[in-house]
Amino acid sequence: MTGVMERMALVWTVVLAAGAVLLLAFGLAAWDQPVLEAVRAGAGEAWRDTAKAFSFYGDFPWLAGVALLGLALTLRLWRREWARIITAMLLAGVLAGLVSNVIKLGAGRVRPRVEKIEHGWYGPVHEGRWVTLRTSYQSFPSSHAACAFGFFFPLFLSRRLLGAAGLLLAASVAWSRVQLNAHHISDVAAGALLGLLAGWLMWRWIVARGGLSRWLSDART
């Protein structure tokens, strides 16, 4: 793949990642609490069912299932370029999800929908008890957003129009998590940032640099 395409991919990654960082900063500084209160007061209630659908079907197991079917088909038809793209999408989603969950277990941020616990960042231990595995303390970052953006970003770097639709879907998944009061704006912004970085790394390794050539070789052997 040409150096020009790699440089353009890096430019897109920097631009979108910078946007995610700004959203993260504004969320932490000013937007998280007002949005939480607005959703609790009923803002966007008419869209709740839509948000549930995005949140459910945009979760990584569904994305991975569709991608695995596509990967099997492209390998069967010897469409190795698409096989590389789909492989990068899968691995980016996995990487972003793993990293987000490791951070989540250490951050201990209370989810916005929890009302009986004072909101804050408690780390893995709170009041002498391990809370790292309790879902109420797993708000930051959003794994839904991380996996969705990680999944679709390699597609965007390879096929702009189709990938843009994928990123729009990822953004809808992130919105759904805020609308359902499962995450703050800063949580989904951090997840998106992780996804973008993971997506670029996997795209560069597998699509641009030909990684995993033993399994995704263009030659029929």
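Every read-out reported here was derived from the displayed coordinates using simple, explicitly stated rules and does not represent laboratory data. Bear in mind that the values here come from a model prediction, so they are computed numbers and not experimental data. Please note: Cβ atoms are built from the backbone with ideal geometry, for glycine as well, and neighbour counts cover all protein chains shown.
Taken about its Cα centre, the chain carries a charge dipole of roughly 740 debye when the Cβ of each Lys and Arg holds +1 and the Cβ of each Asp and Glu holds -1. Only helical runs count toward this figure. For the chain, summing -39,500 (n - 2.57) over DSSP H runs of n ≥ 4 and dividing by all residues gives -22000 deg cm²/dmol at 222 nm.
Taking every full run of DSSP H in the chain, the ones that stretch at least 20 Å from end to end by Cα along their long axis and average 1.0 or higher on the Kyte-Doolittle scale are 3-26, 60-76, 80-107, 143-158, 160-179, 185-202. Think of each Lys and Arg Cβ as +1 and each Asp and Glu Cβ as -1; about the Cα centre, that makes the dipole of the stretch 12-60 roughly 20 debye.
Projecting the Cα atoms of Leu77, Leu10, Gly58 onto the dipole axis of the chain, where Lys and Arg carry +1 and Asp and Glu carry -1 at the beta carbon, places Leu77 farthest toward the positive end. What you get for the stretch 101-213, charging only the Cβ of Lys and Arg (+1) and of Asp and Glu (-1), is a dipole of about 240 debye around the Cα centre. Remark: the Trp215-Ala41 segment gains 57.4 nm on full extension, using 0.36 nm per residue and subtracting the alpha carbon distance. Taking Cβ atoms as reference points and 13 Å as the exclusive limit, the residues near Trp12 contribute a net charge of +3, counting Lys and Arg as +1 and Asp and Glu as -1.
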